[in-house]
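Colleague: The structure is given below, and queries will be raised subsequently.
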Amino acid sequence: MNYWLVKSEPSKYSWDQFVQDGRAVWDGIRNYGARNNLRAMKKGDRVFYYHSNEGLAIVGIAEVLREHYPDPTAEGDTWSAVELGPLKPLKRPVTLAEMKVTPTLSEMSLIKLSRLSVGPITKAEFDLVVRMSNGK
């Protein structure tokens, strides 16, 4: 299993809306690095859901439901989409500020490649953020 982080502005598509919908097509990505990350996602991989611009926090855990396929919002096959489903909210959102001051998260893609909308994370980073959310 691999681990990822996706970003969404809560005013455009919030965690609550994602939960209400039950699944979402993750499309409209127009960055080659993010596209390559979408293409590397496998069914069952875990995905942190990050509220960008407003909130600046990881708020939930999702799962890859469908592996990459041509993005329906683009012509041709240059761009890809995946389908995600919500698994559970974090007990407490973990903010970007908290992650930035945690030395073991200094290499996390969210911090090192802050403009990337879809990025890989390690199992250790995933586990640590979950522990932080649980207050440990």
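The values are calculated or read from the model by the stated rules, or taken from the named source; none is laboratory data. Note that this is a predicted model, so its numbers are computed, not measured. Note that each Cβ is placed from the backbone with ideal geometry, even for glycine, and that neighbours are counted across all protein chains shown.
Colleague: Can you tell me which residues in region 117-131 are in contact (Cβ under 8 Å) with a residue 40 or more places away in the chain and in a helix (DSSP H, G or I)? Don't jump to the end; show me each part of the working.
Modeller: At the first step, the residues of region 117-131 found to be in contact (Cβ under 8 Å) with a residue 40 or more places away in the chain are 117-123, 125-126, 129-130.
Listed by number, the residues that qualify are LYS123, GLU125, PHE126, VAL129, VAL130.
Colleague: Of everything in region 24-49, what is touching a residue at least 40 places away in the same chain (Cβ under 8 Å), in a loop (DSSP other than H, G, I, E, B) and within 24 Å of THR122 (Cα to Cα)? Give them in sequence order. I'd like the intermediate steps shown before the answer.
Modeller: Of all residues in region 24-49, those touching a residue at least 40 places away in the same chain (Cβ under 8 Å) come to 24-31, 33-35, 37-42, 44-49.
In the following step, the residues that additionally are in a loop (DSSP other than H, G, I, E, B) were identified as 27-31, 41-42, 44-45.
Result: ASP27, ILE29, ARG30, ASN31, MET41, LYS42, GLY44, ASP45.
Colleague: Still on this structure, I have one more. Take the residues of region 58-73 that are part of a strand (DSSP E or B) and of a type outside the set (A, V, I, L, M): which is nearest to GLN20 (Cα to Cα)?
Modeller: Applying the first criterion (part of a strand (DSSP E or B)) to region 58-73 yields 58-70.
Subset that is of a type outside the set (A, V, I, L, M): 60, 63, 66-70.
Numbers: GLY60: 13, GLU63: 15, ARG66: 19, GLU67: 22, HIS68: 23, TYR69: 24, PRO70: 25 Å.
Step by step, filter region 58-73, then rank; the result is GLY60.
Colleague: Looking at TYR69, TYR49, which one is modelled with pLDDT of 95 or more and more than 13 Å from the chain's Cα centre (by Cα)?
Modeller: Working: TYR49 fails: more than 13 Å from the chain's Cα centre (by Cα).
One residue alone meets the criteria, TYR69.
Colleague: Can you tell me how many residues within region 1-23 are in contact (Cβ under 8 Å) with a residue 40 or more places away in the chain and farther than 24 Å from ALA74 by Cα? Working first, answer last.
Modeller: Pass one, region 1-23, residues in contact (Cβ under 8 Å) with a residue 40 or more places away in the chain: 1-11, 15, 18-19, 22-23.
If we keep only those that are farther than 24 Å from ALA74 by Cα as well, we get 1-3, 15, 19.
Final tally of qualifying residues: 5.
Colleague: Next up: From the list GLY76, GLY85, GLY55, pick out the single residue that is modelled with pLDDT under 95, surrounded by fewer than 17 Cβ atoms within 10 Å (Cβ to Cβ) and not in a helix (DSSP H, G or I).
Modeller: Details: GLY85 fails: modelled with pLDDT under 95; GLY55 fails: surrounded by fewer than 17 Cβ atoms within 10 Å (Cβ to Cβ).
From the options GLY76, GLY85, GLY55, the qualifying one is GLY76.
Colleague: Now for a different question. Any idea which residue in region 100-116 is surrounded by the fewest Cβ atoms within 10 Å (Cβ to Cβ), counting only those that are assigned to a helix (DSSP H, G or I) and of a type in the set (S, T, N, Q)?
Modeller: Within region 100-116, the subset assigned to a helix (DSSP H, G or I) is 100, 103-105, 109-112.
Keeping just the survivors that are of a type in the set (S, T, N, Q) gives 104, 109.
Values: THR104: 11, SER109: 18.
Filtering first and then ranking leaves THR104.
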